[in-house]
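Once you've had a glance at the structure underneath, I'll fire off some questions.
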Amino acid sequence: MGYPAPTMTETNILPVALVDALGERYLSYALSTIMARSLPDVRDGLKPVHRRLLYAMRELGLGAGRAPKKSARVVGDVIGKFHPHGDVAVYDTLVRLAQEFAQRYPLVDGQGNFGNVDGDSAAAMRYTEARLTAVAEALLAGIDQDAVDFRPTYDDEGEEPVVLPARFPNLLANGAQGIAVGMATSIPPHNVGELCDALAHLLAHPDATTEDLTGFIPGPDFPGGGVLVEPRESVLEAYRTGRGGFRLRARWTKDPLPQGQYQILVSEIPYQVRKSQLVEKIADLLNAKKLPLLADIRDESAEDVRIVLEPKSRNVDPAVLMEQLFKLTDLEVRFGLNMNVLDGGRVPRVMPLKDVLQAFLDHRLEVLLRTTRHRIGKIDHRLEVLRGLLVVYLNVDEVLRIIRFADEPKAELIRRFELTEMQADAILNMRLRALHKLEEIALRKEADALTDARAGLQALLDDPKRQRRAIGTELKDIRKAFGDGPLGRRRTEIGTAPATVDVPVEAMVEREPITVFLSAKGWIRAVRGHQADTSDVKYKEGDRERFVVHAETTDKLLLFATNGRFYTLSADRLPRGRGFGEPVRLMVELGNDADVVALRRHDPPGKLLVAAADGRGFVVAEGEVAAQTRAGKQVLNVSGDVEAAACVPAAGDTVAVIGTNRKLLCFPLSEVPEMARGRGVILQKYKDATLADIKVFTAADGLTFASGERTRTETKLDDWLGTRGQVGRQPPRGFPKPNRFGG
């Protein structure tokens, strides 16, 4: 038999617009997420789940010096008494608070498997045990002295603290991260010793600036170390506004090996980077041939991080290799700073560094005043009891008579000696042995000591200077306890901001010597090493040697053609191995009518002397002729039957030019102008002849040319010295008949 459906009356139906109803409910949800889940409190740096977890562990008696209990017991108490959420969420929180690689100053001392930097999960809660650390006890210190407000738990069966007393500056020391509705927070961890120094300075100098405070706090201090490479100006701006970011790099060293080899050891990786995923990412890039400078990667980590990187060769610059890895992997990360927290009034806002530090000092002052008033109240209570007890010693006989014979001794004692109800109860609860004379002396001494203590506490309440001294003493104690020793040592190095390094293309290539051969018919190839003897180099039938250039795989090669264009070739892209190579026309748009005039290793700082067959030429800076496309770069303007004939280094002070009419002319290089492009000026005058060869040399060293199998140097050049544009004279005896200087 079913039950009748409930009926609705007009009295419980409210006409509300859907947009208003949704907006109101969404706002309630957003505020609940912000206030009760995602944003930490600026005073203790904790979210509600963290606060409830620590308080529950304290209630279980899991102090730093006590035996730990199963994590399942802790999680059960938290979700049963304070935090009605899933056990997985609470246990994950407990695990994170115990991880030394996640927390700069862990709040939970975990025993068992609590995960690792590779991202492996912790063991189940039934296998692990936990207790509070000394840092967590510092956060809870004074909580039983009315230091903070309490509120009812979710089921009204108990109470929980609204905020912890927090002697330890946890917000900045351990940092925080969270995502709320429409806002987020991201605060990196810092060094507590530096925080205490900055707090002490701010306590003594309330008008201190952010620049002053960053003199004590140069930047975050991450649990895993690393190197902070953010510029000083960016760090200042981030702390000044509460928003910004920090570039964090892995720490690495070059480990020398025998025979000039080396390897790179990575000993610290950035915060919140999983080592296993980092190694896997680098290995994937290596397999995809996106890391040409890297040969192999190995993870040799045990308790400490040890990632081994092997370069392709010993000639690879380790700094360039690491720059490439920093760009492509999480060996460099950017940790955002967004100090969006709940302030003392439980209002979310972004706070700069100074405001965060000041909020902590304000909270500690409030805690100091509240605990001091609490202690005064306890002393007043005890003094009131002592004053009542001392009445007994002054009137022992009368007190005994009243207790023995009065029908209502309590009321009679109150009336007879003007006692309070509490004093009368204390007298009635006395034991007879307490009437001994020595007990009276002890009570009087206790009363005097409590009176003096109360005076000191009252003086503390009345004097702001004493309050600041007391807070300063607390900061010194915290610094001594947690800022010194191995725990307090700064782990993250404050490095200098690296200059923007564009890894050049040539850095991607293994650096090794090669010899480049270009045949007379335009076939080009490269072989390993600098070959001095090229007699055994083979060419196609009917082909022969034309140009031989010693270079390295990281070099660029300049090719100058009869069309007056320069072409650029990458040495590492030349055909290698056995065979005759490939036609150079397939690599550059040389054209069918052009031929190669010169092939040389590109030297950007140098200068070149280019000349056409009609005897015109000029000097051009070598850095200006490199072509960016296969079409080359037009430098020497030629037209008609005139073609480019020569390209030689302009290294010396004298130009030697000889024509097909076998006339040699020498003149100063200074007479040749430097141009970017054009036809140039007349170097040698011809009639029914063309330019055969050209050379730049130093006059003091003499003119060198090939004479048979020997090399000859002519030092007496008076017969051939002249000025640019002359015809010249017959060369010296023994000069090669092809009219080429050779060598």
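The values are calculated or read from the model by the stated rules, or taken from the named source; none is laboratory data. Given the structure is predicted, the values throughout are model-derived calculations rather than measurements. A quick note on method: Cβ atoms are made from the backbone with ideal geometry, for glycine too, and the neighbour counts reach across all protein chains shown.
How many of the residues in the stretch 169-184 are within 16 Å of S32 (Cα to Cα) and either in contact with a strand residue (DSSP E or B) (Cβ under 6 Å, 6 or more places away or on another chain) or not in a loop (DSSP other than H, G, I, E, B) (or both)? Reasoning before the result, please.
Here is the first cut: in the stretch 169-184, the ones within 16 Å of S32 (Cα to Cα) are 178-184.
Within this subset, residues satisfying the condition of being either in contact with a strand residue (DSSP E or B) (Cβ under 6 Å, 6 or more places away or on another chain) or not in a loop (DSSP other than H, G, I, E, B) (or both) are 178-179, 183-184.
Number satisfying all stated conditions: 4.
Of all the residues that make up the stretch 355-409, how many are aliphatic (A, V, I, L, M) and in contact with a Gly (Cβ under 7 Å, 6 or more places away or on another chain)? I'd like the intermediate steps shown before the answer.
Start the filter on the stretch 355-409 by keeping residues that are aliphatic (A, V, I, L, M), which leaves 356-357, 359, 361, 365, 367-369, 376, 379, 383, 385-386, 389-392, 394, 396, 399-400, 402-403, 406.
With in contact with a Gly (Cβ under 7 Å, 6 or more places away or on another chain) added as a condition, the list becomes 359, 367.
The qualifying residues number 2.
Please state which of the following conditions V279 fails to meet, knowing it meets all the rest: (1) closer than 29 Å to G219 by Cβ; (2) in contact (Cβ under 8 Å) with a residue 60 or more places away in the chain.
For V279, the failing item is (2).
Something else now. Go through (1) under 30 Å from S570 (Cβ atoms); (2) polar (S, T, N, Q); (3) surrounded by 14 or more Cβ atoms within 10 Å (Cβ to Cβ) for N661 and report which single condition fails.
(1)
Checking L636 against (1) surrounded by fewer than 15 Cβ atoms within 10 Å (Cβ to Cβ); (2) under 60 Å from the mean Cα position of the chain (by Cα); (3) at pLDDT 90 or above: exactly one of these is not met. Which one?
(1)
So how many residues does the stretch 443-468 have that are without any contact (Cβ under 8 Å) to a residue 60 or more places away in the chain and either closer than 16 Å to V391 by Cβ or over 54 Å from the mean Cα position of the chain (by Cα) (or both)? Please lay out each step first, then the result.
Filtering the stretch 443-468 down to residues without any contact (Cβ under 8 Å) to a residue 60 or more places away in the chain leaves 443-445, 448-449, 452, 455-456, 459, 462-466.
Filter once more, so that each one left must be either closer than 16 Å to V391 by Cβ or over 54 Å from the mean Cα position of the chain (by Cα) (or both): 443-445, 448-449, 452.
Within the stretch 443-468, residues that are without any contact (Cβ under 8 Å) to a residue 60 or more places away in the chain and either closer than 16 Å to V391 by Cβ or over 54 Å from the mean Cα position of the chain (by Cα) (or both) number 6.
So the check is Cβ under 7 Å with 6+ separation or different chains; which pairs have a first residue in the stretch 428-442 that's outside the structural domain of A411 (by TED's automatic domain parsing) and of a type in the set (A, V, I, L, M) and a second one that's modelled with pLDDT of 85 or more and part of a loop (DSSP other than H, G, I, E, B)?
none
Regarding the stretch 16-28, can at least one residue be identified that is within 29 Å of the chain's Cα centre (by Cα), at pLDDT below 95 and under 20 Å from V162 (Cα atoms)? It would help to see each step written out before you state the result.
If we filter the stretch 16-28 for residues that are within 29 Å of the chain's Cα centre (by Cα), which is where we start, we get none.
Checking the stretch 16-28: not a single residue is within 29 Å of the chain's Cα centre (by Cα), at pLDDT below 95 and under 20 Å from V162 (Cα atoms).
If I ask for residues that are small (G, A, S) and buried (at least 16 other Cβ atoms within 10 Å of the Cβ), which ones from the stretch 359-401 would you list? Give the derivation first.
Start the filter on the stretch 359-401 by keeping residues that are small (G, A, S), which leaves 359, 377, 388.
Within the stretch 359-401, A359, G388 meet the criteria.
Of all residues in the stretch 110-144, which are more than 22 Å from Q177 (Cβ to Cβ) and of a type outside the set (A, V, I, L, M)?
Across the stretch 110-144, the qualifying residues are Q111, G112, N113, R126, Y127, T128, E129, R131, E137, G142, D144.
Here's the yes/no breakdown for (1) surrounded by fewer than 18 Cβ atoms within 10 Å (Cβ to Cβ); (2) of a type in the set (A, V, I, L, M, F, W, C); (3) out of contact with any Ser or Thr (no Cβ under 6 Å at 6 or more places or on another chain):
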site	(1), (2), (3)
A72	yes, yes, yes
D77	no, no, yes
H85	yes, no, yes
R96	yes, no, yes
R104	no, no, yes
F114	no, yes, yes
D120	yes, no, yes
A124	yes, yes, yes
L132	no, yes, yes
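With the requirement that a residue be outside any helix (DSSP H, G or I) and loosely packed, with under 15 Cβ neighbours inside 10 Å, what does the stretch 416-448 give you? Before the answer, list the steps.
Step one: filter the stretch 416-448 for residues outside any helix (DSSP H, G or I), giving 418-420, 429-431, 436.
E418, T420, N429, R431, H436 - these are the residues of the stretch 416-448 that are outside any helix (DSSP H, G or I) and loosely packed, with under 15 Cβ neighbours inside 10 Å.
Being more than 27 Å from L368 (Cβ to Cβ), touching a helix residue (DSSP H, G or I) at 6+ places or on another chain (Cβ under 6 Å) and in a loop (DSSP other than H, G, I, E, B) narrows it down to one residue among A166, A124, A102, A130; which is it? First the steps, then the outcome.
Values: A166 fails: more than 27 Å from L368 (Cβ to Cβ); A124 fails: touching a helix residue (DSSP H, G or I) at 6+ places or on another chain (Cβ under 6 Å); A130 fails: in a loop (DSSP other than H, G, I, E, B).
Exactly one of A166, A124, A102, A130 is more than 27 Å from L368 (Cβ to Cβ), touching a helix residue (DSSP H, G or I) at 6+ places or on another chain (Cβ under 6 Å) and in a loop (DSSP other than H, G, I, E, B), namely A102.
Scan A67, A134 and give me the residue that is over 22 Å from K275 (Cβ atoms), hydrophobic (A, V, I, L, M, F, W, C) and more than 36 Å from the chain's Cα centre (by Cα).
Values: A134 fails: more than 36 Å from the chain's Cα centre (by Cα).
On inspection, the qualifying residue turns out to be A67.
Name the residues in the stretch 21-70 that are surrounded by 13 or more Cβ atoms within 10 Å (Cβ to Cβ), free of Cβ contacts under 8 Å to residues at least 24 places away in the same chain and part of a loop (DSSP other than H, G, I, E, B), would you?
L60 - this is the single residue of the stretch 21-70 that is surrounded by 13 or more Cβ atoms within 10 Å (Cβ to Cβ), free of Cβ contacts under 8 Å to residues at least 24 places away in the same chain and part of a loop (DSSP other than H, G, I, E, B).
Taking the stretch 147-194 only, how many residues are within 36 Å of the chain's Cα centre (by Cα) and of a type outside the set (G, A, S)?
Just the residues of the stretch 147-194 that are within 36 Å of the chain's Cα centre (by Cα), to begin with: 162-194.
With of a type outside the set (G, A, S) added as a condition, the list becomes 162-165, 167-172, 174, 177, 179, 181, 183, 185, 187-192, 194.
Selection size over the stretch 147-194: 23.
Assigned to a helix (DSSP H, G or I), at pLDDT below 90 and acidic (D, E) - does that describe any residue in the stretch 449-459? If you could, list the steps in order and put the result at the bottom.
Applying the first criterion (assigned to a helix (DSSP H, G or I)) to the stretch 449-459 yields 449-459.
Those still in the list that are at pLDDT below 90 too: none.
No.
Please enumerate the residues belonging to the stretch 630-654 that are part of a loop (DSSP other than H, G, I, E, B), closer than 23 Å to A700 by Cβ and not aliphatic (A, V, I, L, M). Break it down stepwise before answering.
The first filter runs over the stretch 630-654 and keeps only residues part of a loop (DSSP other than H, G, I, E, B), leaving 630-632, 635, 637-643, 650-653.
Still in the list and also closer than 23 Å to A700 by Cβ: 650-653.
Scanning the stretch 630-654 gives G652, D653.
Go through the stretch 508-562 and tell me which strands (runs of 3 or more DSSP E), entirely inside it, have 2 or more residues that are out of contact with any helix residue (DSSP H, G or I) (no Cβ under 9 Å at 6 or more places or on another chain), among the charged types (D, E, K, R) and under 30 Å from V320 (Cβ atoms).
Counting at least 2 such residues, we get 523-528.
Among the listed residues G260, G178, G245, which satisfies the condition of being out of contact with any helix residue (DSSP H, G or I) (no Cβ under 9 Å at 6 or more places or on another chain), at pLDDT below 95 and outside the structural domain of R58 (by TED's automatic domain parsing)?
G260
Do we find that K480 is under 30 Å from Q103 (Cβ atoms), in the same structural domain as T371 (by TED's automatic domain parsing) and part of a helix (DSSP H, G or I) in this structure?
Details: under 30 Å from Q103 (Cβ atoms): yes; in the same structural domain as T371 (by TED's automatic domain parsing): yes; part of a helix (DSSP H, G or I): yes.
Against the criterion (under 30 Å from Q103 (Cβ atoms), in the same structural domain as T371 (by TED's automatic domain parsing) and part of a helix (DSSP H, G or I)), K480 qualifies.
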